[in-house]
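Here is the structure we will look at, set down as structure tokens.
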Amino acid sequence: MYIKSAHGVSPQPLYDDGALLPVITTKTGNRLVCVEPNYADFIDAKLIRRMSRIIKMGVAAAMQCLKDADLQMPDAIVTGTAYGCLQDTEVFLNRLVEFKEELLTPTAFIQSTHNTVSAQIALMLQCHNYNNTYVHRGFSFESALLDTVMMLNDKEINNALVGAADEIIDTSHAILSRFGLYKKEAFTNTLFDKATKGTIAGEGATFFTLSKESSGNDLAKLDAVTTFYKPADDSEIKEQIAAFLAGQILDIEEIDLIITGKNGDVENDAVYESLNTSLFANKQTINFKHLCGEYPTASAYALWLGSAIIKEGKVPASLLQQNDKPVKRVLIYNHYLNMHHALYLLSAC
């Protein structure tokens, strides 16, 4: 599959004067919120007032993605989300209690459903083609991507708009903090310096246009993507990665860069530390969750970052000090809560 374009709204500005690689800015706190664009550049002012934050983020990312690909009407719109529209869900539940389950306006409920982002994109485009949203926790984006890949391989469609969106709000952050998911202390961009319990909360909306045919100016080629669930131990993880590469007739030595989902949590990162001393030893490796935070569909951000790095042919100095060779092939390995594991293989076009 060819990634024709990619765009997103994230805690890091994704574009700066047309550059693909992100502008890495210093963040402090225990929660990363998105740097939001001027939505009036993407959405009609009358519609903006009716949209919650995640809907605006998703629509803006999708519209710019389509514009970058010079694609007026996608053959399919496929999205992934784990939490859906949390802000609208909170409003609906609060009103449910406040009005004692009576005289409820339908707007908050309608906009709280998980498929609202993809539906709003379709409404704005007047697109009546295939439209689906996957809500599979840490596999939400991967499920959307795999669905898209299968349709492209079966020649049901010629192109697709695929992406993921998840947000963090005060209520959800407080609830998830009770489970020890996030660090209590504030941090800067040095998330990985202390091996302590917890990570940093994040959010984002990232979209891609995919096609089976090359346009001659694509970002990167998506060679393969796979998932595996709840591996028994580190040995099984290494076997899964080795089998994934073998399926593409590749050896780990042929990978120029590895992007991992290390997130600063001592238990979460044990998997990556084990790989860094074995299968990934002596390989150029970078992390990405200090840029976008941890959330179930963060792998979409990693895919965008990997695609941008391949297009530019280099890793930003802010992510890797010693970059001594061009990057033509990237392996992405991410897991969410050590249950949902995903692998992506990207290469230069």
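Here the Karplus curve 6.51 cos²θ - 1.76 cosθ + 1.60, taken at θ = phi - 60°, turns the phi angles of segment 148-160 into couplings of 4, 4, 5, 5, 5, 5, 7, 6, 6, 9, 9, 7, 7 Hz, with x standing for Gly and Pro. Here the spin labels are modelled as points 7 Å beyond Cα on the Cα-Cβ line, and at residue 35 and residue 107 they lie 3.2 nm apart.
The HN-Hα couplings worked out from phi for segment 130-141 by the Karplus form 6.51 cos²θ - 1.76 cosθ + 1.60 (θ = phi - 60°) are 3, 9, 8, 10, 9, 10, 10, 6, x, 9, 4, 5 Hz, whole numbers, x standing for Gly and Pro.
Quarter the surface of the alpha carbon convex hull of segment 224-324 and you get the mean projected area, 6.8 square nanometres. Each of 234, 154 was scored by other Cβ atoms within 10 Å of its Cβ. Arranged with the fewest first, they read 154, 234.
The share of alpha-carbon pairs in segment 119-181 lying farther apart than 18 Å comes to 53%. With each label modelled as a point 7 angstrom along the Cα→C-beta vector, the residue 213-residue 47 pair spans 2.8 nm. Here the gap between residue 154 and residue 230, fully extended at 0.36 nm per residue and compared with their Cα-Cα distance, gives a gain of 24.4 nm. In terms of packing, defined here as the mean over residues of other Cβ atoms within 10 angstrom, the peptides 129-139, 156-166, 66-76 line up highest first as 156-166, 129-139, 66-76. Remark: spin-label model distance residue 274-residue 254 equals 2.7 nm, labels positioned 7 Å along the Cα→Cβ axis.
In terms of overall dimensions, the chain has a Cα radius of gyration and Dmax of 19.6, 65 angstrom. One decimal place: the segment residue 70-residue 266 gains 66.2 nm when fully extended, by the rule 0.36 nm per residue minus the C-alpha distance. If R0 is 41 Å, the Cβ-Cβ spacing of residue 171 and residue 282 corresponds to a FRET efficiency of close to 0.35.
The numbers here are math on the coordinates, done by the rules we state, and not lab data. Quick caveat: nothing in here was measured; it's all calculated off a predicted structure. Using ideal geometry, Cβ is built from the backbone for each residue, glycine included, and neighbour counts are taken over all protein chains shown.
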